[in-house]
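Novice: Sharing a structure with you now.
The values are calculated or read from the model by the stated rules, or taken from the named source; none is laboratory data. Bear in mind that the values here come from a model prediction, so they are computed numbers and not experimental data. FYI the Cβ positions are ideal-geometry reconstructions off the backbone, even for glycines, and counts take in every protein chain you see.
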Amino acid sequence: MSTVHGPLSTSSDISDRSLAEAGEARIAWAESQMPVLRQVRERFARERPFEGVSIAACLHVTAETANLVRTLAAGGADVALCASNPLSTQDDTAAALVEVHGAEVHARAGEDPDTYYRHIGAVLDKGPQITIDDGADLIGVIHGQRTDLIPAILGGTEETTTGMIRLRALEADGKLAFPVIAVAESLTGRQLDHRYGTGQSTLDGILRATSILLAGQRVVVVGYGACGRGVALRARGAGAHVIVCEVDELRALEAVMDGYDVMPAETAAREGDVFITVTGNRDVIRREHFELMRDGAIVANAGHFDVEVSKPDLEDLTVERREVRPLVVQHVMADGRRLHLLADGRVVNLAAGEGHPGAVMDVDFAAEALCLEHIVRHRGELEPRVHRVPEPIDREVARLKIESLGVEIDSLTAEQRRYLHSWEQGT
Ligand SMILES: NC(=O)c1ccc[n+]([C@@H]2O[C@H](COP(=O)([O-])OP(=O)(O)OC[C@H]3O[C@@H](n4cnc5c(N)ncnc54)[C@H](O)[C@@H]3O)[C@@H](O)[C@H]2O)c1
């Protein structure tokens, strides 16, 4: 077992401390896939940039997150962690974080909404100087009920697109009270996390839950953004026939050019076998779509919140429901058709799978850790608004990742550099 980095926690609220050994094995395996974050941790351990800094983190409580917590603790931070989704918590990882790494964790798999918000309250009670969000719940509560905490906060970060929508709304209302770095929009993150991470892990979650053969299925991907592109790409790679639904003409055009069938959801509803929502929007699959779906259809959501598939509409149409496999609920319609909702419409790659592979979170969390360091090193200098990830951080993370993969690249010659920066040289 590895060394304890932080002060021993007494106030954690987790499901079962006896799971620590299994959790530690998970954390160690994830770490083996996270060489970039490990390098950052080694530097933090030497430089201690977070000495005495209190950090509240609301993230999926997974083995990859555990390695981020370890990295921050190695840098001197006092970290309190709660879950950003009630279904994604790995109880064994939470146990190892508390028992082996001395972190403070408030998260239980499957916790009800009251417990979820009580846990958010518990990490905020620590009086954080930095917030880490994955869905803007900490920042939402701070700006709503806990404005007393604002003066002490140096800044925060946001990990996901849905959180960015909430933050930008707060900023547009002139209410964002401290600087927040949009880690969700880092160049490396969008490329690796959204496309390859969400793409692979969404299908992995669906396959674990259903054990269906994807080859030959008609898979409808609703939303062709950074994540949707990845889901579509991987579904096609598995032999599925992919249909894309969009509301944005540019994205729709891109999907057409990428070779997918593009059509309105109402048309796709009649055609699809598997429906996957990744829009960040609500009710993208609703009553009129359920009414048209074929018998046996499978519906899953990979967007952040469980609002993309209208559960009230589905319940309304349901005459009988039963759990036919873990996380697969069969809804029988009045005409006998059976529709299957996975993981209660919650983010399927986390609820039915293990979320992004460590290799993806390596890049994400390395950028996250470097952005947090940026906030501390520039305390008092950053304006209270949404900030992009500084380009040098993106480049540093990409460089380290490339190196860790054993890949070498070229560099510009002096002549090329001059050519690319001059206006005098032309035809
Ligand atoms: N599951 C994961 O691992 C994971 C990872 C990252 C992000 N996310 C979440 O996935 C969601 C999408 O993220 P993204 O980065 O791809 O966002 P994005 O903004 O790049 O793409 C969303 C797309 O959905 C489209 N859309 C919106 N409403 C629609 C509707 N009614 N019908 C059809 N298309 C519609 C938009 O036009 C856009 O092209 C967000 O909720 C985000 O937080 C999940």
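Novice: Among the numbered criteria (1) within 16 Å of the ligand (Cβ to nearest atom); (2) buried (at least 23 other Cβ atoms within 10 Å of the Cβ), which single criterion is violated by A169?
Specialist: Condition (2) is where A169 drops out.
To keep it simple, each residue is scored yes or no on (1) touching a Pro at 6+ places or on another chain (Cβ under 8 Å); (2) modelled with pLDDT of 95 or more; (3) over 24 Å from G216 (Cα atoms); (4) not β-branched (V, I, T).
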residue: I243; (1), (2), (3), (4): no, yes, no, no
residue: V247; (1), (2), (3), (4): no, yes, yes, no
residue: A269; (1), (2), (3), (4): no, yes, no, yes
residue: R286; (1), (2), (3), (4): no, yes, yes, yes
residue: H304; (1), (2), (3), (4): no, no, yes, yes
residue: R322; (1), (2), (3), (4): no, yes, yes, yes
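Novice: Let me ask something additional. Taking the residues in segment 258-301 that are away from the ligand (no atom under 12 Å from the Cβ), of a type in the set (D, E, K, R) and in a loop (DSSP other than H, G, I, E, B) as candidates, determine which candidate is surrounded by the most Cβ atoms within 10 Å (Cβ to Cβ).
Specialist: D273
Novice: Being farther than 14 Å from D78 by Cβ and among the acidic types (D, E) is the filter here, so list the residues in segment 118-137 that pass it.
Specialist: D133, D134, D137
Novice: Tell me yes or no: at least one residue of segment 247-254 is within 23 Å of G345 (Cα to Cα), near the ligand (Cβ under 9 Å from one of its atoms) and either crowded, with 18+ Cβ neighbours inside 10 Å or among the β-branched types (V, I, T) (or both).
Specialist: Step one: list which residues in segment 247-254 are within 23 Å of G345 (Cα to Cα), which gives 247.
Subsequent filtering for residues that are near the ligand (Cβ under 9 Å from one of its atoms) retains 247.
Remaining after also requiring either crowded, with 18+ Cβ neighbours inside 10 Å or among the β-branched types (V, I, T) (or both): 247.
Yes, segment 247-254 contains a residue that is within 23 Å of G345 (Cα to Cα), near the ligand (Cβ under 9 Å from one of its atoms) and either crowded, with 18+ Cβ neighbours inside 10 Å or among the β-branched types (V, I, T) (or both).
Novice: Just to verify a result, which residue in segment 383-413, among those that are aliphatic (A, V, I, L, M) and in contact with a Leu (Cβ under 8 Å, 6 or more places away or on another chain), is surrounded by the most Cβ atoms within 10 Å (Cβ to Cβ)?
Specialist: Step by step, filter segment 383-413, then rank; the result is V397.
Novice: Now for a different question. Counting only residues that are over 26 Å from T188 (Cβ atoms), aliphatic (A, V, I, L, M) and either free of Cβ contacts under 8 Å to residues at least 40 places away in the same chain or within 16 Å of the ligand (Cβ to nearest atom) (or both), how many does segment 108-152 have?
Specialist: Matching residues across segment 108-152 total 5.
Novice: Kindly list, by first and then second residue, each pair from a residue in segment 378-398 that is more than 20 Å from I165 (Cα to Cα) and of a type in the set (S, T, Y) to a residue that is surrounded by fewer than 16 Cβ atoms within 10 Å (Cβ to Cβ) and at pLDDT 95 or above, limited to pairs with Cβ atoms under 6 Å and residues at least 6 apart or on different chains.
Specialist: Listed pairs, sorted by first residue: none to list.
Novice: Which residue pairs have Cβ atoms closer than 9 Å, lie 6 or more positions apart in sequence or on different chains, and pair a first residue in segment 222-241 that is within 6 Å of the ligand (Cβ to nearest atom) with a second residue that is among the aromatic types (F, W, Y) and modelled with pLDDT of 95 or more?
Specialist: Pairs that qualify, where the first residue is within 6 Å of the ligand (Cβ to nearest atom) and the partner is among the aromatic types (F, W, Y) and modelled with pLDDT of 95 or more, are V222/F275; Y224/Y260.
Novice: Quick check on segment 374-389. Is at least one of its residues outside any helix (DSSP H, G or I), away from the ligand (no atom under 16 Å from the Cβ) and within 22 Å of the chain's Cα centre (by Cα)?
Specialist: Yes, segment 374-389 contains a residue that is outside any helix (DSSP H, G or I), away from the ligand (no atom under 16 Å from the Cβ) and within 22 Å of the chain's Cα centre (by Cα).
Novice: When only residues in segment 185-217 that are β-branched (V, I, T) and over 15 Å from the mean Cα position of the chain (by Cα) count, which is surrounded by the fewest Cβ atoms within 10 Å (Cβ to Cβ)?
Specialist: My answer is I212.
Novice: What are the residues in segment 38-53 that are assigned to a helix (DSSP H, G or I) and touching a Lys or Arg at 6+ places or on another chain (Cβ under 9 Å), if any?
Specialist: Hit for segment 38-53 is R41, nothing else.
Novice: Scan the strands (runs of 3 or more DSSP E) fully inside segment 312-372 and keep the ones with 1 or more residues being farther than 28 Å from V386 by Cβ and within 14 Å of the ligand (Cβ to nearest atom).
Specialist: Answer list for segment 312-372: 338-342.
Residues are listed down the side, and each one gets a yes or a no for (1) under 20 Å from the mean Cα position of the chain (by Cα); (2) surrounded by fewer than 17 Cβ atoms within 10 Å (Cβ to Cβ); (3) over 13 Å from C58 (Cα atoms):
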residue: A96; (1), (2), (3): no, no, yes
residue: A107; (1), (2), (3): yes, no, no
residue: R118; (1), (2), (3): no, yes, no
residue: H143; (1), (2), (3): no, no, yes
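Novice: OK, next. Among (1) in a loop (DSSP other than H, G, I, E, B); (2) more than 16 Å from the ligand (Cβ to nearest atom); (3) among the aliphatic types (A, V, I, L, M); (4) within 30 Å of I206 (Cα to Cα), where does V307 come up short?
Specialist: (2)
Novice: Continuing with the same structure: Give me the pairs, please: first residue somewhere in segment 176-204 and within 17 Å of T279 (Cα to Cα), second residue anywhere and within 10 Å of the ligand (Cβ to nearest atom) and basic (K, R), beta-carbon distance under 7 Å, and either six or more positions apart or on two chains.
Specialist: Partner pairs satisfying both residue conditions: R195/R229.
Novice: Can you pull out the strands (runs of 3 or more DSSP E) entirely within segment 157-245 that have at least 2 residues that are not β-branched (V, I, T)?
Specialist: 241-245
Novice: Out of the residues in segment 302-323 that are crowded, with 17+ Cβ neighbours inside 10 Å, of a type in the set (D, E) and out of contact with any Phe, Trp or Tyr (no Cβ under 7 Å at 6 or more places or on another chain), state the one that is nearest to D344 (Cα to Cα).
Specialist: Applying the filter and picking the extreme gives D306.
Novice: Just a yes or no: is a residue in segment 23-45 surrounded by fewer than 19 Cβ atoms within 10 Å (Cβ to Cβ) and on the phi > 0 side of the Ramachandran plot?
Specialist: no
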